[in-house]
Each structure stands twice: as structure tokens, then as C-alpha cells.
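This report concerns only the one structure given below.
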Amino acid sequence: MSQSTAQSALDLLILKALERGRNHGFGITNHIQSASDGLLRIEEGSLYPALHRLEREKLIAGEWDVSENGRRARYYSLTPAGGKKLGEHETQWRSFSLGVAKVLEFV
Amino acid sequence: MRRWIRKLFGLHLDSDLRDEMQFHMDMRAAECEQHGMTPEEARAEAHKRFGSTAIVHEDTRRIHTGIILETIGQELRHAARTLLRTPSFSIAAVLALALGIGSASAIFSVVDRILFRGLPYPNGDRLVSLGVRAPLADHEFLLGGDYSEWKEERTAFDAFTSTRGPADCDVTETNPVRLSCAGVEWNFLPVLGVAPLAGRNFTADEDRPGARRMAIISHALWKERYGGDPKIEGKRLQLDGEETTIAGVLPQSFEFPTLARVDILIPQQLNEAVERKRQSVSMVTAFGLLKPGVPVARAKATLNPYFRNFLTTVNPAFRKEISLEVALLNDVVKQHARTAAWALLGAVVCVLLIAWANVANLLLARLASREHETGIRAALGAGKGRLLVHYASEIALLAATGWAGAMLLAWALLAFFRSAAPQGIIGLRHAALDPRILLFSGAVLAVCILAFGLIPAARLRHISLRDARIAGSRSMGLRSVLVTAQLAVSVVLVICAALLMHTLWRLGNVNLGVETENVVTASVVLGNHHFRKAADRYAFVERLENGLRRLPGVSSVAIADALPPLTTSMPFMYSSIAVDGRLAPGRAPGGMVNERHVTPEYFRTLGVRLMRGRTFADSEVNAAEGFAILSERLAQRLFGKQDPIGHTVKPTGWPKTYTVVGVAANVKNAGLTTTDAPELYIPYDSTDGAPRFVSAAVRSTAAPALVAPLIRGEISSIDPTIPVKLETFDARVAALNERPRFNAMLLGFFATSGVVLAAVGVYGVLAFLVSQRVREIGVRMALGATRGRIAGWVLSYAMTWAAAGLALGAAGAWFAAQRLRSMLFEVAPADPGTLLAVLVVLAAVAALAAYVPARRAASVDPAVTLREQ
């Protein structure tokens, strides 16, 4: 997979994970791993550059808050622009993977 | 606001990121512990799953920096677009900054040395030039024998050193070239505190008469002829026919104490024994190194007894014409260019002020129009912080561009100095941008921007729509004052420049007393290698005269040891002349008389009229008896109204007695600006009347370009190893005006800059005025004012400023011109013609600058403007 495709895949996953509500980086990582039944194990640190980039692009918004166990953590939530982007991304991705599946099945 | 700036610069980024990553790993470790790992295992597992924190940190940081740079980039692009939308403002501002700061930087770099630092010697502040001043020479000197006694003085002095020359010397090998050599005492460089760049200084042994010939060469010569070879020590050179070994190389910034051009230093090899016995006498220029803390007056006092001793050896008749001079070398040297330096400094400060005023006006105007716009935007809800940032980045971009332009101009000016600067002004030949100037110019820029750009802009934040409309008129008063000041300062500049140019013109038209058209001159120096004996030199002159006469197109040939208006190197004291065998004791000190060796055709070739008598006959050349021709001035002094023909003159100590055969008209022989000195012309002589310097003047009907190579060929056929300097007579004379021409050009440049800037200033303020008062104009027109009246109204502003500016300026110029007196020649500081011309020109410029705004005002459509409420 090329860098940008991997990058956009990660973005999609992050945005989707935040659709359910705000979360911190650790929470997002766990969600992705469990929701994919363990099929997607990303190197956990690589989430953070993506998170910061998405924040700069105003697709997610970050704020400091106190976590469940009383520690200072940075929480991210989806912005309206992020929600829109998620919709587009999802549609693109679905047609992309459908297309790949069709080519693979073609005999 | 503060939070936003912090966010912009990401100052908290690192610690926040660390916290975030640590939180993640701690949570992972806690989870692992819950699954049964030990704390250490859990932490290790967390780290492993996280990946490299360093890389993550790096990548995230890069994202943020990228954003920051992108933001700055965006901001600058936006600023550039805004500036380009108002090209006249932007260009005017950048031009003002570039001209002002650029020329200021260049001049400050240069005058610093002239006015303040002096010569580039480490021991500079303890060096004095010392000697006796006599009408004999134009600066103080000491006789060799006296110098060797004086230099024993150790109460006030640490050391002495001396030099001779510089004089022309020739490199007589494969590429013969005429150079300038100065003889120096072996300790010359150490006394100055200068160390050779490569190689070594002379040793005391090398300074003894008869020692092996050594030389220290200039940096330029080292680069040109030896390619900067570091192994220069020991290389050979053929100088005036003698094998010379190179000992070392001078530093690049080295200047000879008299500021003359010097290519090579050689040991002067003063023969002290001979000098003390006065068997043969040389003149040296002496310098002393004062002991630390010793004032010049005390040093002079300690030398007084030596001086009185010296006076006892001088003929009592001449004693009163001689004095002792001891002065700080830096003072002496700064004297030469002091006025010019102050003039330049003054000029550049003027330009800087005008430029400053321009930038101020432009920024104020822009601010005023911005206030209007800001008011509207604020009413529409735009963020004031953002607008301020936009404004600030525009100013920053302007300042940066202006500064870049300034550095470019400064570099160009300094390059011009390096190539075209006349000799005799320190530091110009090595002019380089002083690094302190870069800081200085940056500081000046910052102050200007702050004062007129950002501080008022900060007020922008509190503006409301209502205020904005009245904003424009408030600063009009200040702007009028600035424009008037600009015009006044330009007037000063232009008048000074005009005076200098007038001087230059006068210098070009000085009556030399000779006819210079169609005359080509050639000068050579007969070095010791082939022309040690006077007989050889005489033979050369004879052969040359005959050879040149035979060239096609040549109507007459003159040979002399120097051609006017240059003086010869052999003046003698007027009071030493005995007329008809009698000295006139008590004759008033009469200064110096020039002695010039000439061929009989000299007067005809140069068009010098013989008032009485005739030129030398062929039989009188190289004759046993002496014959002489007097210049009119000399004849009048010695003989009054009496006819000198047939009488004899004999200067003290000369072997022959000279019978006067003619009187020649006066010719300028002491430079262009000084009155000519009395002159004695004598024919060439093969026993002792054949000087080393030979100049030929050839009058021909053919074009100089055709004659010159023929002359060169003729000299070559007599001796191919001597370099020849060929010029037309007019070119020679023009070269003498090097300094005045340089001054006039430079000041002319500044004056032009000043006027251009002032004109731009007038235009700018008027354009702004018109744009602000558009409604008023519309009303006036609606009430019946004609277009002509409107244009006239605009013009009247310009003329009022011009009148006030010109009046102030004229007064200021009068003061400035008085200071310039020493640089003027036959031009009065209050020259009415110049003044009038300048006033007319400036009034015209102001009118021209007002033309476009006036037209725009006149073309306002009242219907349109009145509708805009």
C-alpha cells in the first residue's frame, strides 16, 4: 500500500472511531483493534502524527481533560467538517474495496 | 490573543506531546498488568507496542512546523498580493528605503575610516609624522644625516622609521610594467604595527647599502603576478634591471602613510656615514612612534634642540623660511579628505531624511485609508487581531524588500568606490560594507517601521466606523510639514551638488597657458639598469627627439622632464638666485622656483608664447656655458620692468652661470588650481642636466590613435625594456581632476536621489489628499467650480510647499555651501546663477509631481462622488 493510501485509511479509521463520541488516543487504538477483531494491529505510536494532522486540518478538535482514572489526557472529538469528510471518505473507500474485490474475483 | 500567539508558535508543543504519549503507554502498561504481567514486563510491552517515541515525536513535530511555515508562507503571499495591488505605494516605499538606507550604509562604511579611524595601523594613535617644513617640499622631510641623529631620541619616542619616495620603478622582465616603489627603513612595518600577510619583513642587514636587493610587494601585485602563491618568499623579480628577491607580502588593507599608491617596498639603504658627512644628501620622510601617553606637544619640545642644531647648518638667509613640524599622522592624513568626507556624510544624511519622510508619509497615508477599510470590516465583524497581523506582515515584507534593495545599492556604490575612487582618500580603494552597518541599517529600518507603521496601527484595533471616516484629515498637517521639509532638504543637496559641478566645469576650463589639442604625450623613467650615467640619458633624449621628429604627420616635438601643469621634481629656492653675480640679501622669502629641462622646440610645440627673446639655439644645447629662459613671473620678480635678456642668473650651488636668452609666457605648472610658480627653463646637458624622468609631447596632424603606436614603437627601438605611458594631453589634464570629478559625481547622485524622492513625496501626499477629499471636490464642482480651478487648487498646495521648502532650503544651503568652500574653485558659495537655476528646477519638479493628482482631481465626476454617501 502506498503511503497516502495507508494514511487515508488511518484517517478514515480515526474519524470513524470518533463518530461514536469523543475519545483519547489510547481509547481510539483499542477501539480499532477490538472492532476489527484483531485484524488491524497498527503500531500504536503512529496514531499520534495522524491525530495531530487531523486536528490541524480542523476535522477533529482536541482538548485537555481529566480521564476516568483521574489523569490528564487529551480528548479528541469529531467536528462538523470532520463528519462530512468521514461520509465522503467512507463512500470512496467502500467503492474502492468493492472494486478491488471484483478484480480479485475476476477469473 | 496570547493563547493564539502561543498556538501559532507551538511553544507548549513538546511537553504536551510527551504527556499525551506517556498517558497512552501508562494505560497500556496498566492493562498488561491487569492481564498478569509484572510492572517491568508491562512497561516493556507498552513500549514495544507503542513503537519508537522519538520517531513519533519527530513526525508529529514536523506536522506542526509544516503548518507554521505554511501559515507564515500564506501570510507573506497574502501580504505580497495586497502590496502589488497598490504598486505605486509599494514601489515608492521600497525605493525610498533602498535609496536612503543603501546610500547611507555605503557612505558610513567609508567615511568612518576617513573621519574617525584614520590609517589602518595598529599603532596608529601613537604615530607622528615629523620633520622640517621648508618651501622646498610640500610636506615635511628630514635630511638623511639629520635623521640618523634625531632617531636616537628616546625620551619621548619609542622608535623612529623613515621612507623615501614613492617613485616610479619598472619591472624589467618579460611583462614590463611601470610600478610605484617606496624605499623604507627596515623597521617600517614593525613601527606601524603591521605584519606581512605572507613571508617576512626586512632584516636590518638588508637595509645596509650594498646589501642584496629585497622587496615586499603589495597584495594586489601578489594576486596579479603570482596568483597569491603562499610560497612567495624567495621568489625573484627584476626591478629596474636588478635582481630583487621577494621577502613578503603586505596585507590587503595596507595604505602608505602619505596615501600614495605603492606597489613595492624596498629597503631604502640609507648610507648613514655618507649622509652624516653631507657628502651626498637625501631627503627622507620621517615618522616617530610616541611612548604611550606622551602628548604631541611634549614630543615636539624634545625634538626642538635637534631642530636648532639643524638650523645651524642652514644658510642664515633661508632660516626664517624653515620650521619644525610634529603632528599625529592620523590628523595629517584625515586633513586631506576631511571636507569631502563631511560633505558626503552630510549629503547622505539628507537623503536619508528625505527617504525617511517619504516612508513616513506613505505609511501614514496607507494607515489612514486602512482605518476606513478597517472600520467597515469591523462593522461587518472581522477579527481585529487578524487585520493587524495582515498589516504587520505587509510592513514586514516592505521593510525586507527595501532592506534587500538597500544592500544591493550599498554593494554597487562600494564597488564603484573601489574602481573609481581617486588616490589620496583613505579607505576608498578597499571599501567594503562594514558589518556594523548591516546592524545599523537594520536598526534604522526597525525604528522607522515601528514609529510610522506599527504603533499607529495598534490603534487600528479600537477603531469604529464613525472614527474611520474622519481619520484621513487628522494627519494632514504632519504630512504637509514632512513634505515641506523634504523639499527644503532637497534644495540644500541640489545646490551643493550644483556648486561642485560648476567647480568641475571651471576646472575643466582653466587656462593652462598651453595649447593642448592634437598633442600626444609619452612619459618614461630612465632606470639605472641602462641609464646610470647622465651621458646615457642625454643620448636617449637626443635620439628620441630626432626619432619622433621623423614620424609621419608630426609637426613638432618637445621633450622635458615633466609637462605642465605638473611640476618638476626639482624646485629650488627663489632666494638662492644670484643675478649678475649678486645675491640679494634680505630679499623677501620668495617661495620656490621650478627648474625645467626642455628641448628648444618645447615652446613651439606647446604653444607657449615667447614674450621676449627667443628659444634656445642648437648650439646652446649641451654647451659649456649655461643658457636659460625665464617665465614671465620669474623675470618680473628678478628684473622688474628691466629687460632680462643678456643678464645672468645663477642659483647657489649650481655649476654653471646661465645667460638669459628669452622670456616665456606664464604656464600653469603647480597643478590646476594653484597660481603658477616662477619657472626657469634650461636645455638638456650630458654632464648633469639629464634627469631620469622624460616626457615627450608630440604635436601632429594625424589622429592620436594613429600617432600613439608610432611613438611607442620609436621608444621601443631605442630601448625595449622601459614601460611607456601614452596619453593625449587633454586626457592627462582630465586625470588631474579626478578628485573634483569624483566629488561632483557622488554628490550629483545624492542630489538626484533626493530630488526624486522629494518629488515622489509631493506626488504621494497630493494623490492621497485628492483621494480623501474626493467628496469635497465633487461638492465644489457641483457648486460651479471649473476643472481648471480644481486643478489649480491642487497645484496651489504643491506650490505652497515648494515655496516654503525652497525658502528654508536656500537658507540651509547657504550655510552648507560655506563649509564646502575648500572644495570649490572659482565659484562663490552664494553663486547667484547656481541658486536661481536650482530654484527654477525644483519649482518645476514640484509642479510636475503635482500634475497627475491635479488631473485626477479635475476629472472627478461630481455626480458619482456625491452619490457615495
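Worth pointing out:
- Qualifying helices (runs of 4 or more DSSP H) (wholly inside segment B:762-869; at least 2 residues being surrounded by 14 or more Cβ atoms within 10 Å (Cβ to Cβ) and modelled with pLDDT of 80 or more): B:774-782, B:787-819, B:832-858
- Within segment B:706-740, tally of residues that are open to solvent by 20 Å² or more (accessible area, probe 1.4 Å) and in contact with a helix residue (DSSP H, G or I) (Cβ under 6 Å, 6 or more places away or on another chain): 6
- Only one of B:404, B:451, B:471, B:458 that is at pLDDT 80 or above and either part of a helix (DSSP H, G or I) or touching a His at 6+ places or on another chain (Cβ under 9 Å) (or both): B:404
- Consider segment B:291-327 and keep the residues that are open to solvent by 50 Å² or more (accessible area, probe 1.4 Å) and outside any helix (DSSP H, G or I). The one that is nearest to residue B:191 (Cα to Cα) is B:291.
- Of all residues in segment B:652-670, those being outside any loop (DSSP other than H, G, I, E, B) and not aromatic (Phe, Trp, Tyr) number 6.
- Residue within segment B:505-517 that is in contact (Cβ under 8 Å) with a residue 60 or more places away in the chain, assigned to a helix (DSSP H, G or I) and either out of contact with any helix residue (DSSP H, G or I) (no Cβ under 6 Å at 6 or more places or on another chain) or of a type in the set (Val, Ile, Thr) (or both) present: yes
- Residue B:506 closer than 27 Å to residue B:668 by Cβ and touching an Asp or Glu at 6+ places or on another chain (Cβ under 6 Å): yes
- Count - residues of segment B:266-325 that are among the aliphatic types (A, V, I, L, M), touching a Phe, Trp or Tyr at 6+ places or on another chain (Cβ under 9 Å) and farther than 28 Å from residue B:121 by Cα: 1
- Selection status of residue B:658, out of contact with any helix residue (DSSP H, G or I) (no Cβ under 6 Å at 6 or more places or on another chain), of a type in the set (Phe, Trp, Tyr) and without any contact (Cβ under 8 Å) to a residue 40 or more places away in the chain: yes
- Identity of the residue in segment B:652-667, of a type in the set (A, V, I, L, M, F, W, C) and open to solvent by less than 40 Å² (accessible area, probe 1.4 Å), that ends up modelled with the lowest pLDDT: B:667
- Cβ-Cβ under 7 Å pairs, at least 6 apart or on other chains, segment A:49-73 side facing another protein chain (nearest Cβ under 9 Å), far side surrounded by fewer than 16 Cβ atoms within 10 Å (Cβ to Cβ) and among the β-branched types (Val, Ile, Thr): A:72/A:66
- Restricting B:149, B:45 to those that are more than 26 Å from residue B:415 (Cβ to Cβ), within 14 Å of another protein chain (Cβ to nearest Cβ) and modelled with pLDDT of 85 or more reduces the list to B:45.
- Note on segment B:48-91: among residues that are within 14 Å of chain A (Cβ to nearest Cβ) and small (Gly, Ala, Ser), the one that is surrounded by the most Cβ atoms within 10 Å (Cβ to Cβ) is B:51.
- Failed item in (1) out of contact with any strand residue (DSSP E or B) (no Cβ under 6 Å at 6 or more places or on another chain); (2) over 24 Å from residue B:241 (Cα atoms); (3) at pLDDT 80 or above, with residue B:736 passing the rest: (3)
- Output for segment B:592-616, where each listed residue is more than 15 Å from residue B:630 (Cα to Cα), touching a strand residue (DSSP E or B) at 6+ places or on another chain (Cβ under 8 Å) and surrounded by fewer than 23 Cβ atoms within 10 Å (Cβ to Cβ): B:601, B:604
- Annotation: residue A:21 fulfils all but one of (1) modelled with pLDDT of 85 or more; (2) facing another protein chain (nearest Cβ under 9 Å); (3) over 12 Å from the mean Cα position of the chain (by Cα); the unmet one is (2).
- Leading residue by the ranking (surrounded by the fewest Cβ atoms within 10 Å (Cβ to Cβ)) among those in segment B:98-146 that are among the hydroxyl-bearing types (Ser, Thr, Tyr) and modelled with pLDDT under 90: B:121
- Test result for residue B:632, of a type in the set (Asp, Glu), surrounded by 15 or more Cβ atoms within 10 Å (Cβ to Cβ) and in contact with a Phe, Trp or Tyr (Cβ under 8 Å, 6 or more places away or on another chain): no
- With respect to being open to solvent by less than 10 Å² (accessible area, probe 1.4 Å), in a helix (DSSP H, G or I) and closer than 30 Å to residue B:525 by Cβ, residue B:162 falls outside the description.
The values are calculated or read from the model by the stated rules, or taken from the named source; none is laboratory data. The model shown is predicted, which means the values in this text are computed figures rather than measured ones. With ideal geometry, Cβ positions are generated from the backbone for all residues, glycine too; neighbour counts draw on all protein chains shown. Accessible surface is based on the protein model in full, side chains and every heavy atom, while ligands, DNA and RNA are left aside. Shrake-Rupley method; radii C 1.70, N 1.55, O 1.52, S 1.80 Å.
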